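The values are calculated or read from the model by the stated rules, or taken from the named source; none is laboratory data. Source: prediction; values computed, not measured. Don't worry about glycine lacking a Cβ; one is built from the backbone with ideal geometry, like all the others, and counts go over all protein chains shown.
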Ligand code: SF4
């Protein structure tokens, strides 16, 4: 099974981010305590107690300190068995990655770091309101490698408005030169409840141009594949099959337990959504309750989710699984929609598996929703 822990704190709010976090760290100890209590209360959410992967996401989990890790890992070990080859990932911001912090991660067997770099271009870092500099980003990757954490992924953002594509070209060159075995790159999207969303409404920034974003997606795929990366999911590129095992479990519809405010859990037939509010989260856990809502997934939901997430990755969606999940409804209702997508070059079938074509990857959500039950 897979465990996700949401650490809901950041030093400052990035202008594009709509994840759940607080910039006040006052309640950190309380939240860590509540997270540990939730682990205890949710220990039987799934039958399996063997952890294949643990993922510290957020927020900024690299803000956690030694006492926090000690408490969290002790609680996990009390209720679960962490497999010897488990992948333990932690999302980190460059400004947190000192030698001491990296050694602390090693002490707790955190063996994969996901470093939020986003861009190496200082004006872009400022407009995104990132807290770190480009120099810090490069330094922390080298430091991690020197200390012996080799399983590194860096996050980039593309389609940041600019006069031309040269800045992104330089970002890609710098990212490749860092010699990590994984890179994730996300197209900038402007969410309504963010600073960018507000600026868009006020006319201070423009909607991102589709052609500009498509051009940068092409640059991304071409540069990274040319340098030995495999695009194994729309936004994820790995060398030597160093895939994110945790994220792969989402795309393959495996069960997981999500702990912390705003975290989700999935047990094949339902999803559980924790409250995205730190104070409410702590309050209810202090009363021995998990503050969450449960959504029972209908057959249609299960099929649609499988299509939406499965199509994103190179493992695609197995036709027999879709038909079995839908009691053959998919075949009866959507055969012509499927044929159309194949004819128009967005989808292909290989070994009974539905896969996006290159063109399909540009419109993945639309292609998937056209196949929904
Ligand atoms: S550090 Fe990450 S989680 Fe925090 S505001 Fe920035 S993008 Fe969002």
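When 40, 69 are checked against the criterion of being more than 16 Å from the ligand (Cβ to nearest atom) and over 17 Å from residue 92 (Cα atoms), a single residue qualifies: 40.
Condition check ((1) closer than 20 Å to residue 89 by Cα; (2) in a strand (DSSP E or B); (3) at pLDDT below 95) across all residues:
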residue: 138; (1), (2), (3): yes, no, no
residue: 146; (1), (2), (3): yes, no, no
residue: 150; (1), (2), (3): yes, no, yes
residue: 155; (1), (2), (3): yes, yes, no
residue: 162; (1), (2), (3): no, no, yes
residue: 169; (1), (2), (3): no, no, no
residue: 172; (1), (2), (3): no, no, no
residue: 175; (1), (2), (3): yes, no, no
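Can you work out which of the residues in the stretch 76-104 that are away from the ligand (no atom under 16 Å from the Cβ) and within 20 Å of the chain's Cα centre (by Cα) is farthest from residue 178 (Cα to Cα)?
86
Summed over the stretch 163-186, residues that are closer than 20 Å to residue 129 by Cα and free of Cβ contacts under 8 Å to residues at least 40 places away in the same chain total 1. If you check residue 47 against the conditions, is it free of Cβ contacts under 8 Å to residues at least 24 places away in the same chain, surrounded by fewer than 16 Cβ atoms within 10 Å (Cβ to Cβ), in the same structural domain as residue 90 (by TED's automatic domain parsing) and part of a loop (DSSP other than H, G, I, E, B)? Yes.
Condition check ((1) in contact with a helix residue (DSSP H, G or I) (Cβ under 9 Å, 6 or more places away or on another chain); (2) free of Cβ contacts under 8 Å to residues at least 24 places away in the same chain; (3) crowded, with 19+ Cβ neighbours inside 10 Å) across all residues:
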| site | (1), (2), (3) |
| --- | --- |
| 91 | yes, no, yes |
| 97 | yes, no, yes |
| 102 | yes, no, yes |
| 108 | yes, no, no |
| 111 | yes, no, no |
| 119 | yes, no, yes |
| 122 | yes, yes, no |
| 125 | yes, yes, yes |
| 131 | yes, no, no |
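Would you call residue 308 assigned to a loop (DSSP other than H, G, I, E, B) and within 21 Å of the chain's Cα centre (by Cα)? Criteria not met by residue 308.
Residues of the stretch 316-340 that are under 26 Å from residue 217 (Cα atoms) and crowded, with 17+ Cβ neighbours inside 10 Å: 316, 317, 338.
Restricting to the stretch 1-26, and then to whatever is more than 16 Å from the ligand (Cβ to nearest atom) and in a loop (DSSP other than H, G, I, E, B), can you tell me which residue is farthest from residue 65 (Cα to Cα)?
1
Note on the stretch 105-136: residues that are away from the ligand (no atom under 16 Å from the Cβ), closer than 23 Å to residue 197 by Cα and part of a helix (DSSP H, G or I) amount to 2. Residues of the stretch 341-351 being in contact with a helix residue (DSSP H, G or I) (Cβ under 8 Å, 6 or more places away or on another chain) and surrounded by 12 or more Cβ atoms within 10 Å (Cβ to Cβ), which ones? The answer is 341, 346, 347, 348, 349.
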